[in-house]
Each structure stands twice: as structure tokens, then as C-alpha cells.
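Have a look at the structure below, then the notes.
The values are calculated or read from the model by the stated rules, or taken from the named source; none is laboratory data. Every value quoted in this text rests on a predicted model; they were computed, and no experiment measured them. We place every Cβ from the backbone using ideal geometry, glycine too, and count neighbours over all the protein chains shown.
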Amino acid sequence: MNAPGFWISRHPQPDQTILTPQQIEEFNRNIFNELKLTTDLAQWPTNYAGETLKTELNRILDHLNQEQLVFIDGKPINKEYWSSMREASNFDQIAKIIPRQYGLIVSYADQRFLPISEGLYAKANDVDFDELQNSALDPGTPVVILHKSADAQWLYVVCPISSGWVKAEHVAYASDNEFNRFLSASFVVITVDKADVYLDRGLINFYGALRMGVRLPLLEQRGEVTEVLVPIQRPNGDAELVSGFIETNQVNNGYLAYTPRQIIEQAFKLLNEPYGWGDMYGAQDCSRFLQEIFATVGITLPRDSKNQIQVGKLLTDWNDVTTDADKLQLLQEKAMGGISLLGMHGHIMLYLGSIDERAYAIHAVWAYRRPQDHQDEVVVLNRVTLSDLSLGAGSRRGSWLKRINAVRLLGL
């Protein structure tokens, strides 16, 4: 079962084109225009209202304040901390009108809810779940730069799937022409779990590692090495586009065809990769796992699981009284392996298929619960795993099958 071919061979139509490139463009436009869950940076206005940014930053601060978070040692957060974060966010310097300023990420960058590296946590010593970690951005990610922290060490940026603070050293300011050139050129897309990029054809001068789904402008493909454009930061902070070099077998010219086979194969390339909350440690959580996979075919999924499960065709949403048997029957009859998302509170999975009255999915997961001596034992997986949905049965939370509340098919 841990081989993609196992599931491809059991799929009724593994090579069916689910969406054409034109349909994928329409699909993405719907996510942006109708659902408003992603951002089309090409449509970013010339001027942006500063009050809108202030509202967003205030919303973040208020939400975090209400979460009753603690420092890593368990000490509670006091009012002085929130005041200092408001000062660090540099509210007084937010202009009434913010001119459009594009940028490009030049090195792997954590994206934070506040302009600070130190974390906040739901409980003491919960080191792997920093509540200030929003996401992470790969080199080559396009952004719009909206604001600078009071110490000028952080920039508040918007990328197609998320927004937040990143360290200024990871961002280069790009002119409109450079930005448009970077986005509109012929491109390759990363199709392996992580691809090393170098600044020389001999593949020695390391530039950075890029995760699956990242696209880069194509310059030339010659044998085993592909030349691409990558951004670097000049001393004055501006972007410069230079040649980068990557092994040809790690990329595809343009997007892959959107078929169940391609999605299943891409998903299994990440099997056993470590889990990372909010992309911590250069890894991926449940929603980033799916975002990376579907990015290889050109689909721009939202960043968070609660938003991803709003995308595509709703096969069903269930209430608490729906039985496991009903759910399994619907999955067997209507869900399609490789292109169906299974959502539950705080988690999302890629459905693979059902065998012997058991449904299976592949997903990035931290842990599950199982009953042990009249209480729940937490079993840490901390990786991308393939599992049947009976895991968790008998625990206080119940099985994953019981907890699924929606199924979506990613197609028109």
C-alpha cells in the first residue's frame, strides 16, 4: 500500500484528465474571485488603503490576545507584551495610501503573525507548535510588500496564499518589470520533495532548496541540468534576477497534467517526510502538503485546511448523527481517489480509495489518539503517512472517519 502503483492500479480512471489547463485557470479564478481565499498579485491595486492594513494587523493582535497563549516556559502573556508588539508593528508609520511594491523571496523565510522570532504556545514546552508561525515561503515566491516593522528587521508581505511578517533579509524589492518578467516567463515546476538549486552549472555553489510545486522561469534546458532564473538581494535591498541551475529530473516543463495518477504519484513522493506545523523546520503540515501536490498541476489551493475544504465540488457535509457506515458508503460510491479532499476540524487529507470496507488517505499528521487503560494515549507519527480512517477508534475524539465532516472533489 505504500507504493503509488498500488492505488493507481485500483483506480477506475487513473489517466483521466480532471481539468484542462484552461479549466484550471477558471478553477483558480473562482477561488480568488468568488471564494476570496487566495490573492492574485497580478491584480494588486496601484495603491492600497493603509486603514485596511491597520484593520488586519489589529485583527491578528486581538485574536492572539484572546487565545490565552503562554511563553515556552509556561509564563502567561502580560499587557506589556501586547503593547510592545503593537509598537513593533509600527502602526504609527502606516501610510494613508500604500503604493504598490512588489518583492521576491530570495531565501527560505518563516512567515510570522508578529514581527518577532520568539514563539508563543498553547501550553508550556509545546515547542513544535509555535502559535506565531503562520507559514513559510520558498525562494522565488512573489509577494507584495506592505509595511516595515519599527526596527526595520521585518516586512509585512502578502503572497498568493498567505500574509504575514518575514525577515527583511529574505525579501528583495522588485520593480514592476522584474516582477512581471518573473511571473510571465515560460517556467519549470519542482516535482520532487525538495530540489537543490545552484548558482553554477557544475552544481557546487548552493543557492537553496525548494519544495514541491515551486515554479521558476526557464532559461535553458541542456541535458541533465536546467537553467532557471532565481532572485538574489543586492546590497541596497533590490532584486536581481540571476541564473540558477537544477537537475533536470527534478523539474517539469510547465505544469503536470491534472490526472489522478499524477496527484497520487506526487503525494507518495512526500511519504514519510517530516511534519512541520506552519512549515516549521522546512517541512509541511496537512494543508501545505496538499498545496504542494496540487501546485504541480497548476492549482493554487488556499493555505489553511478550513479554507481548502471550501474549494471544489462538495460531495457532502455531514452532521454528528451520520454513521461511519454511511460515510464509508458515500466514499466508496462518490469520492475519487487522488482528487478528493477529506476535511475535519483542524485537519485535511487526500483520499486514496477503499479496500475491504476500509477507507484510506495520505496526509501530513502529527499524531493520533488510541484508548489505553481507560484514557487516551497520544501516538506521535510526525510525518506524511498513509493510513486507514479507523485510526483513533475508541478514543474520546473518535476515529478519523467519524470526525470527517466534509468531502470535496477538486474538479468542476
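Computed quantities for the displayed model
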{"read-out": "Matching residues, the range 188-217, being more than 20 Å from the chain's Cα centre (by Cα) and not in a loop (DSSP other than H, G, I, E, B)", "value": "197, 198, 206, 207, 217"}
{"read-out": "Meets criteria (closer than 14 Å to residue 292 by Cα and of a type outside the set (Lys, Arg)) for residue 270", "value": "yes"}
{"read-out": "The range 146-179, subset assigned to a helix (DSSP H, G or I) and touching a residue at least 24 places away in the same chain (Cβ under 8 Å), residue farthest from residue 106 (Cα to Cα)", "value": "176"}
{"read-out": "Residue, nearest to residue 300 (Cα to Cα), within the range 94-145, restricted to residues that are small (Gly, Ala, Ser), in contact with a helix residue (DSSP H, G or I) (Cβ under 6 Å, 6 or more places away or on another chain) and not in a strand (DSSP E or B)", "value": "107"}
{"read-out": "Selection count where residues are hydrophobic (A, V, I, L, M, F, W, C) and in a strand (DSSP E or B), scope the range 241-268", "value": "5"}
{"read-out": "Subset of the range 273-289 [more than 14 Å from residue 305 (Cβ to Cβ) and of a type outside the set (A, V, I, L, M)]", "value": "273, 274, 276, 281, 282"}
{"read-out": "Criterion (at pLDDT 95 or above and more than 26 Å from residue 130 (Cβ to Cβ)) met by exactly one of 255, 275", "value": "255"}
{"read-out": "Residue list for the range 48-85, restricted to those being out of contact with any Lys or Arg (no Cβ under 9 Å at 6 or more places or on another chain) and more than 17 Å from residue 131 (Cα to Cα)", "value": "52, 53, 54, 55, 56, 79, 80, 83, 84"}
{"read-out": "Selection status of residue 130, among the charged types (D, E, K, R), touching a strand residue (DSSP E or B) at 6+ places or on another chain (Cβ under 6 Å), crowded, with 18+ Cβ neighbours inside 10 Å and within 22 Å of residue 280 (Cα to Cα)", "value": "no"}
{"read-out": "Residue in the range 235-252 that is free of Cβ contacts under 8 Å to residues at least 60 places away in the same chain, of a type in the set (D, E, K, R) and at negative phi present", "value": "yes"}
{"read-out": "Count of residues meeting criterion [small (Gly, Ala, Ser) and out of contact with any Phe, Trp or Tyr (no Cβ under 8 Å at 6 or more places or on another chain)] in the range 206-235", "value": "1"}
{"read-out": "Every residue from the range 336-349 that is more than 18 Å from residue 17 (Cα to Cα) and in a strand (DSSP E or B)", "value": "342, 343, 344, 347, 348, 349"}
{"read-out": "Where a residue in the range 270-281 is outside the structural domain of residue 132 (by TED's automatic domain parsing) and within 23 Å of residue 2 (Cβ to Cβ) and its partner, wherever it lies, is at pLDDT 95 or above and surrounded by fewer than 20 Cβ atoms within 10 Å (Cβ to Cβ), with Cβ under 6 Å and at least six apart", "value": "270/193; 272/383; 273/193; 274/383; 275/366; 275/382; 275/383"}
{"read-out": "Among residues of the range 390-412, those that are touching a residue at least 60 places away in the same chain (Cβ under 8 Å) and part of a loop (DSSP other than H, G, I, E, B), counted", "value": "6"}
